[in-house]
Amino acid sequence: MHIETKLVRAGVGKDPQTGAVSTPIYQVATFAHPKLGESTGYDYSRTANPTRTALEEVAACLERGSTAAAFASGMAAVTAVLHLFAPGDHLIVTEDLYGGTYRVLREVLNVYGVQASFVDTSDLKAIETAIQSETKGIFIETPTNPLMKISDIPGVVGLAQAHGLLTIVDNTFMTPYLQRPLELGADIVIHSASKYLGGHNDVIAGLVVTKDEELGERIRFIQNATGAILGPQDSWLLLRGLKTLALRVERQQYNAQVIAEWLCKQPQIEAVYYPGLANHEGYEVNRKQASGAGGMLSFTVKEEKLVPYLLENLKLVTFAESLGGVESLITFPARQTHADIPEEIRKQLGISDRLLRLSVGIENVDDILADIKEALHAYSYC
Ligand SMILES: *Cc1c(COP(=O)(O)O)cnc(C)c1O
């Protein structure tokens, strides 16, 4: 079955008793036992809930994994995966990744003795150089956030396997519609499902999918032990969002390509970072491992004053954090998503005060372009 079909069938037919086409929201905490030592398969909703199970089955199927777990947020999913590691363990992590992942590694899990080196994982040599005897895993985002750098997933997997390390991929930006890291050899996929999978800026959720069943059981054990589960209502919202993922992503990446090409030609714009541009450093690698370039792009403007001007004067494109929803959003990484990264490191990474990130929505692209055009035009007269 093709992925578009699997998406539409998400959660269909889970209630044979009534034939309900949409998975019901099982708003229930506990389940009656038929007999001593017997269970319906559900005992208590922290451990498992039927609405959440329907979502987890779909997630495992989409990412071609064996096991999935749905979490209260993307960060709860990231944290559960990081709980696989013990004091003294060392991780190699993409240097310009989601600011929250940086924060939990540097300011929460550091006290438990999990060490991390932040490296440019688009450079396989840099990864190899960073491997130490205590290294247990490589955690990547590709494309990265916000600079859209591409890491070679099979290349990273090769290095990880040669050294007995786990490969973990945060696949939030690409979604399983465009990229399936487990098929490329990775061990664990993480999602902030608050973004493309939910797709409507109305739910916070996270997913972890593993290739190996035993590893999946360990994740489920950690989730049941620590408790950051996704509730039944939010599981349902995610099931509903997933149905249109293919259509949304197709339109988003079409729009993103048009906007990226247009931005390249504007005199006020210094650089455009979008893996769908042939001159993007990771263009070829991305093309090999993903079936598209996605709906995220970043750009730097020449004059710093243009940043607040754009944020205040765009009318259609909303100035807000987050990404992946049907509405186009613009974000200022240095002050929002990446504010927890020290300024010096941010500068080094290229997350400058002239960098903006665009999450392209499903609007008519001409309206998005008209909005940006108008703001740029007005700026040149003030
Ligand atoms: C948003 C995001 C997260 C965190 O997810 P939440 O659902 O906000 O907790 C993690 N990784 C990436 C790439 C993200 O964009």
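The condition of being in the same structural domain as Asp89 (by TED's automatic domain parsing) and under 23 Å from Leu297 (Cβ atoms) holds for only one of Ile153, Ile131, Ile138, Ile127, that being Ile153. Between Gly216, Gly227, the distinction of being on the phi > 0 side of the Ramachandran plot, surrounded by fewer than 23 Cβ atoms within 10 Å (Cβ to Cβ) and among the small types (Gly, Ala, Ser) belongs to Gly227 only. Starting from residues that are within 19 Å of the chain's Cα centre (by Cα) and assigned to a loop (DSSP other than H, G, I, E, B), keep the ones in segment 259-286 and report whichever is farthest from Leu349 (Cα to Cα). Filtering first and then ranking leaves Gly276. Assess whether Gly198 counts as being outside any loop (DSSP other than H, G, I, E, B) and either under 16 Å from the mean Cα position of the chain (by Cα) or not aliphatic (A, V, I, L, M) (or both). Here the answer is no, as Gly198 does not meet what is asked. One residue stands out among those in segment 333-348 that are more than 15 Å from the ligand (Cβ to nearest atom) and among the hydrophobic types (A, V, I, L, M, F, W, C): the one that is surrounded by the most Cβ atoms within 10 Å (Cβ to Cβ), which is Ala334. All told, Val93 falls short of being in a helix (DSSP H, G or I) and either modelled with pLDDT of 95 or more or over 19 Å from Phe71 (Cβ atoms) (or both). A single entry from Thr175, Thr167 fulfils the requirement of being crowded, with 24+ Cβ neighbours inside 10 Å, within 14 Å of the ligand (Cβ to nearest atom) and not small (Gly, Ala, Ser): Thr175.
Listed conditions (1) exposed (fewer than 15 other Cβ atoms within 10 Å of the Cβ); (2) at pLDDT below 95 are all met by Gly11, apart from (1). Answer yes if at least one residue in segment 185-204 is surrounded by fewer than 24 Cβ atoms within 10 Å (Cβ to Cβ), within 12 Å of the ligand (Cβ to nearest atom), touching a residue at least 60 places away in the same chain (Cβ under 8 Å) and among the polar types (S, T, N, Q), and no otherwise. There is at least one residue in segment 185-204 that is surrounded by fewer than 24 Cβ atoms within 10 Å (Cβ to Cβ), within 12 Å of the ligand (Cβ to nearest atom), touching a residue at least 60 places away in the same chain (Cβ under 8 Å) and among the polar types (S, T, N, Q).
May I ask you to verify whether Thr51 is closer than 20 Å to Asn224 by Cα and surrounded by 16 or more Cβ atoms within 10 Å (Cβ to Cβ)? Quick ask: steps written out before the conclusion?
Details: closer than 20 Å to Asn224 by Cα: yes; surrounded by 16 or more Cβ atoms within 10 Å (Cβ to Cβ): yes.
It is true that Thr51 is closer than 20 Å to Asn224 by Cα and surrounded by 16 or more Cβ atoms within 10 Å (Cβ to Cβ).
For residues in segment 88-116 being touching a residue at least 40 places away in the same chain (Cβ under 8 Å) and among the hydrophobic types (A, V, I, L, M, F, W, C), which is nearest to the ligand (Cβ to nearest atom)? If we take residues in segment 88-116 being touching a residue at least 40 places away in the same chain (Cβ under 8 Å) and among the hydrophobic types (A, V, I, L, M, F, W, C), then Leu97 is nearest to the ligand (Cβ to nearest atom).
Being farther than 30 Å from Leu356 by Cβ and more than 16 Å from the ligand (Cβ to nearest atom) is the requirement here; does Val119 meet it? So Val119 does not fit the description; no. Only helices (runs of 4 or more DSSP H) whose full extent lies in segment 1-87 are considered here, and the ones with at least 2 residues that are closer than 29 Å to Gly113 by Cβ, assigned by TED's automatic domain parsing to the domain that holds Glu213 and touching a residue at least 24 places away in the same chain (Cβ under 8 Å) are 74-82. Condition check for Leu147 on (1) at pLDDT 95 or above; (2) in contact with a Gly (Cβ under 9 Å, 6 or more places away or on another chain): one failure, at (1).
The values are calculated or read from the model by the stated rules, or taken from the named source; none is laboratory data. Treat the numbers as computed from the prediction; the structure is a model and nothing was measured. Cβ: placed from backbone, ideal geometry, glycine included. Neighbour counts: every protein chain shown.
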